[in-house]
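In what follows, a structure is listed as structure tokens, so that the remarks can point back to it.
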Amino acid sequence: MSMEFMLIDNMPVEIAGEANILSLIRKAGIDLPTFCYYSELSVYGACRMCVVEDKWGEIHAACSTPPKAGMEVRTNTPRLRKYRKMILELLLSNHCRDCTTCEKNGKCKLQELAQRFGIKQVRFSNTSEESDMDTSSLCISRDKSKCILCGDCVRMCEEVQNVGAIDFAFRGSKMCVSTAFDEPIANTKCVGCGQCAAICPTGAIVVKNDTARLWKELSNKDTKVVVQIAPAVRVGIGKEFGLPEGENVMGRVVAALRRIGFDEVFDTSTAADLTVLEETGEFLGRLQKGGVFPLITSCCPAWIRYAELNYPELLENISTCRSPMQMFASVLKEHYKHSNRKVVSVAIMPCTAKKHEAAREEFQENGIPYVDYVITTQELIQMIREAGIVFSEIEPEAVDMPFGATSGAGVIFGVTGGVTEAVIRRVSDDKSVSALRAIAFTGVRGMQGVKETSIAYEGRQIKVAIVSGLKNADDLIRKMKKGEAHYDFIEVMACPGGCVCGAGQPFTNAEGKKLRGAGLYDADRMSNIKRSEENPVIMALYGGLLKGKTHKLLHVHYHRKA
Amino acid sequence: MQEIIDFKEIDAILERYRYESSSIIAILQDTQAKYRYLPKDVFPYLSEKLGISTAKIYSVATFYENFSLEPKGKYIIKICDGTACHVRKSIPILERLRKSLGLSESKETTDDLMFTVQTVSCLGACGLAPVLTVNEKVYAAMTPDKATELLAKLKEEN
Ligand code: SF4
Ligand code: SF4
Ligand code: FES
């Protein structure tokens, strides 16, 4: 097959099946500015930042123009620069300019591009509107006045998450992104996944920030503040501090948390091991006693919410295991129940939906939640900066006893397929190293949204599906309901790619997501305990604190709401 | 005020369009024909049956001027304020109607849901100016006094 080329700024670039010239331009190492293009969403073509000029001086939107052999385009002509500046000025003319007090400050694309294109003044009069906030959700807040109508959130919510909580409403100058009847977002089918906030280029949708309240708690001498760190956080945080994307920096996170003032620091992976044992037990129990199948995982709170709102009949399929965060929180509560200081339980999570999970009535006693604060990776980054900690120079430290041991199986929970792989490690009878390695190649790994595999167990084949992204989950459920597919075990994560791609993490592209996944598999490889049942902490817990209390502390029943 | 919806009627409409989400505009039109506006409670029902989000239906409903999310009166009076009618003094007619019904620019419908008073930009009957319509019926060469008489007649019908 002969190769086809296109000329980009006089450089020949090979066309290799790219859907649009924007991808080609980026492949050529040119960072063409965009607001409304994301490779995982449909093309909208509205912002016009991605314009290029062909050799006849015609202007095209690169995101919505397919590449053609022999085509010649320029990406940086005086005309294009003028055009882009104009767009930015128009956007800024009705946008609030209080950048310093905006939650998105430093991460806003509008701010970044205004700086990049040297916008020093805006020629149009400022017609920005008063801020119009919706703070009803525990996970995200919206401020309509900061919206630039790129529609990224709308397409994310509908195309990737199949929720459709928000859409464009009205038209012309009244056009806005809105819920139906402008209801508070908490009253819609929003699952709190935060993916809209992750993708929003401005401060129009942001993740809720709970750091101010937590700082107060930390400075209170009468409280003991204990914290757990989810698996995905360790591979999502380093890049912000100049370390390579996806590098496992758990030791530094632990050290930083101690410096910030946390009294005890633990690893949620430890509780993930509990989840593996409990969930496997439940699965085998259902096999023996003939329970409901498929068994569907319960770690992801956005998925739980989605099921509650859309498929309440599936709640009985969902494992009764609490999420690792909640398992750990209950264990900690029990462990510290005789403490003479008030214990405050904090969880550092890659996830915005965990903020909602922490507030659910199933996870509180006498109105006091088991987890007092859920802080996202991004909020932690802010706290580390606020504390003046030089993260790249801090010496790594280990987590605290008596919960200081983790297994590789628990760590890989943070990436799609990880829960399944951990469970397979547990059920497979062959405990040899080669068998363990072979599991990695059964189709459980990789960032694809839908994966299938099957495992042999006591003479039968167990069919497994692994999905991430709620649209993928929904498609799978529909197929199952139509009888076109059959599974025994399904792992569901709401965020495409799993928790490493959670909306609480700093935003990254597809390549970055892969690196984060790889970072967790590296951590697994380096771990001297591979299987959950080999974790000595877990064994000690079953023999001690959990004795006779596994159901009370580790399980939950989600009920259909009337 | 909460409209009582007979969902069997909505089902009949959906039936007519074979539950196809691509027919959403027609489905909304028929629903509006039934209730004279789009009641809020219909949205979740349509969403469930058609497999599209309530936000998307709201998006369609707010895009077209023709759809109303507010309840409308039994009699929808539209006063033409196109150039011809305006010159021939349609505004005093509008003012008379609003005054006698206690309505204004922001309040178009009476609380008893009998009357809605709106302006339109040209009914295309300039020869008959000033014109108004009640539901689909056209009344030509109107004056404020004739409008008052018309109101009295409509009230009597009930
Ligand atoms: S809220 Fe954000 S992502 Fe959504 S349309 Fe507005 S600017 Fe774009
Ligand atoms: S948080 Fe998730 S479900 Fe809610 S509006 Fe955003 S994308 Fe949609
Ligand atoms: S990125 Fe091409 S038009 Fe927005």
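The values are calculated or read from the model by the stated rules, or taken from the named source; none is laboratory data. What you see is a predicted model, and the numbers here were worked out from it, not measured in a lab. In this analysis, Cβ positions are derived from the backbone assuming ideal geometry, glycine residues included, and neighbour counts consider all displayed protein chains.
Test A:Ser2 against the stated conditions and say whether it is in a loop (DSSP other than H, G, I, E, B), within 14 Å of ligand 3 (Cβ to nearest atom) and farther than 30 Å from A:Glu129 by Cβ. So A:Ser2 fails the test.
Inspect all residues belonging to segment A:9-19 and state whether any of them is in contact with a Ser or Thr (Cβ under 7 Å, 6 or more places away or on another chain), more than 16 Å from ligand 2 (Cβ to nearest atom) and closer than 24 Å to A:Cys153 by Cα. No, segment A:9-19 has no match at all. So for segment A:533-540 (the condition being without any contact (Cβ under 8 Å) to a residue 24 or more places away in the chain and out of contact with any helix residue (DSSP H, G or I) (no Cβ under 7 Å at 6 or more places or on another chain)), does at least one residue qualify? There is at least one residue in segment A:533-540 that is without any contact (Cβ under 8 Å) to a residue 24 or more places away in the chain and out of contact with any helix residue (DSSP H, G or I) (no Cβ under 7 Å at 6 or more places or on another chain). The set of residues in segment A:38-59 that are out of contact with any Cys (no Cβ under 7 Å at 6 or more places or on another chain), of a type outside the set (D, E, K, R) and crowded, with 16+ Cβ neighbours inside 10 Å comprises A:Tyr38, A:Leu41, A:Met49, A:Val51, A:Val52. Screening A:Ile466, A:Ile490, A:Ile538, A:Ile477 for residues that are at pLDDT below 95 and outside the structural domain of A:Ile199 (by TED's automatic domain parsing) leaves exactly one candidate, A:Ile538. Among residues of segment A:151-170 that are under 12 Å from A:Phe181 (Cα atoms), those with a Cβ under 9 angstrom from a residue that is of a type in the set (Phe, Trp, Tyr) and away from ligand 1 (no atom under 13 Å from the Cβ), sequence gap 6+ or separate chain, pair up as A:Asp167/B:Tyr58; A:Phe168/B:Phe63; A:Ala169/B:Tyr58; A:Ala169/B:Phe63; A:Phe170/B:Phe63. If I go through segment B:48-63 residue by residue, how many of them are crowded, with 18+ Cβ neighbours inside 10 Å, under 19 Å from A:Pro312 (Cα atoms) and of a type in the set (Gly, Ala, Ser)? The qualifying residues number 1.
In the set A:Val254, A:Val249, only one residue is among the aliphatic types (A, V, I, L, M), more than 18 Å from A:Thr508 (Cα to Cα) and away from chain B (no Cβ under 14 Å); that residue is A:Val254. Counting only residues that are touching a strand residue (DSSP E or B) at 6+ places or on another chain (Cβ under 9 Å) and either at positive phi or crowded, with 24+ Cβ neighbours inside 10 Å (or both), segment A:376-390 holds 4 of them.
Cβ separations smaller than 8 Å between residues 6+ apart or across chains give no pair from segment A:60-84 residues that are within 12 Å of A:Val13 (Cβ to Cβ) and within 14 Å of another protein chain (Cβ to nearest Cβ) to residues that are of a type outside the set (A, V, I, L, M) and more than 14 Å from ligand 3 (Cβ to nearest atom). For segment A:424-509, the strands (runs of 3 or more DSSP E) that sit wholly inside it and include 2 or more residues that are within 15 Å of the chain's Cα centre (by Cα) are A:460-468, A:489-493. Looking at segment A:291-393, the helices (runs of 4 or more DSSP H) lying wholly inside it that each contain 1 or more residues that are over 23 Å from the mean Cα position of the chain (by Cα) and not assigned by TED's automatic domain parsing to the domain that holds A:Leu138 sit at A:324-335, A:377-386.
Listed by position, the helices (runs of 4 or more DSSP H) contained in segment A:93-205 that have at least 2 residues being more than 14 Å from every other protein chain (Cβ to nearest Cβ) are A:109-116, A:195-199. Restricting attention to segment A:11-35, the residues being touching a Lys or Arg at 6+ places or on another chain (Cβ under 9 Å) and in contact (Cβ under 8 Å) with a residue 40 or more places away in the chain number 6. Among the residues of segment A:184-214 satisfying the criterion of being in contact with a helix residue (DSSP H, G or I) (Cβ under 6 Å, 6 or more places away or on another chain) and hydroxyl-bearing (Ser, Thr, Tyr), which is nearest to ligand 2 (Cβ to nearest atom)? Out of the qualifying residues, it is A:Thr202. Taking the criterion of being within 16 Å of ligand 2 (Cβ to nearest atom) and at pLDDT 95 or above, would at least one residue in segment A:65-87 satisfy it? Within segment A:65-87, none of the residues are within 16 Å of ligand 2 (Cβ to nearest atom) and at pLDDT 95 or above.
Residues of segment A:457-493 that are crowded, with 16+ Cβ neighbours inside 10 Å, at positive phi and not small (Gly, Ala, Ser): none at all.
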